[in-house]
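First comes the structure, then the notes that go with it.
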Amino acid sequence: MTCEVLVLYFAKSSELAGIRSENLTVPQETTSKELWEKIASLHPRLRVIQDHVVLAIRQEYVTIGEEVIKLRPGDEVAVIPPISGG
């Protein structure tokens, strides 16, 4: 089964994707890596931050890997780029 989620792009990820948010149809059960690959396939410029990016699903941080995640219709998926500063 699939569901529609709202993907939110922040800071550098928004700049690279060229948008702040979009709705995506994704499998309800997937891995965080598969979810990232779907997002990155739509916005290839995001790949420059893929080694440092974190996803937040329902405001909970999820590292990109083989962890299985269960998504629900309307979930928010935030793409959190690396934080820089000094």
- prompt: On the given criteria, is A17 in contact (Cβ under 8 Å) with a residue 24 or more places away in the chain, of a type in the set (G, A, S), out of contact with any Gly (no Cβ under 7 Å at 6 or more places or on another chain) and surrounded by 15 or more Cβ atoms within 10 Å (Cβ to Cβ)?
  reply: yes
field: Residues that are part of a loop (DSSP other than H, G, I, E, B) and of a type in the set (A, V, I, L, M), drawn from the stretch 41-53
entry: V53
- line: Residues in the stretch 1-31 that are under 21 Å from H52 (Cα atoms), of a type in the set (S, T, N, Q) and in contact with a Lys or Arg (Cβ under 9 Å, 6 or more places away or on another chain) total 2
- request: Kindly indicate whether E15 is of a type outside the set (K, R) and either more than 15 Å from I80 (Cβ to Cβ) or within 11 Å of the chain's Cα centre (by Cα) (or both).
  value: no
- prompt: Which of the residues spanning the stretch 9-23 are in contact with a helix residue (DSSP H, G or I) (Cβ under 8 Å, 6 or more places away or on another chain) and assigned to a helix (DSSP H, G or I)?
  reply: K12, S13, L16, A17
- prompt: Which of the residues spanning the stretch 25-41 are in contact (Cβ under 8 Å) with a residue 24 or more places away in the chain and either over 14 Å from V79 (Cα atoms) or not small (G, A, S) (or both)?
  reply: V26, P27, Q28, E29, T30, T31, K33, L35, W36, I39
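Rundown of residues vs (1) over 13 Å from the mean Cα position of the chain (by Cα); (2) surrounded by fewer than 13 Cβ atoms within 10 Å (Cβ to Cβ); (3) outside any helix (DSSP H, G or I), yes/no style:
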| site | (1), (2), (3) |
| --- | --- |
| T25 | no, yes, yes |
| T30 | no, no, yes |
| L35 | no, no, no |
| I39 | no, no, no |
| L55 | no, no, yes |
| Y61 | no, yes, yes |
| G65 | no, yes, yes |
| P73 | yes, yes, yes |
| A78 | no, no, yes |
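Since every read-out is calculated from the coordinates, none of them should be taken as a lab result. What you see is a predicted model; the values in this text were computed from it and never measured. Every residue, glycine among them, receives a Cβ derived from its backbone with ideal geometry; neighbour counts consider all protein chains shown.
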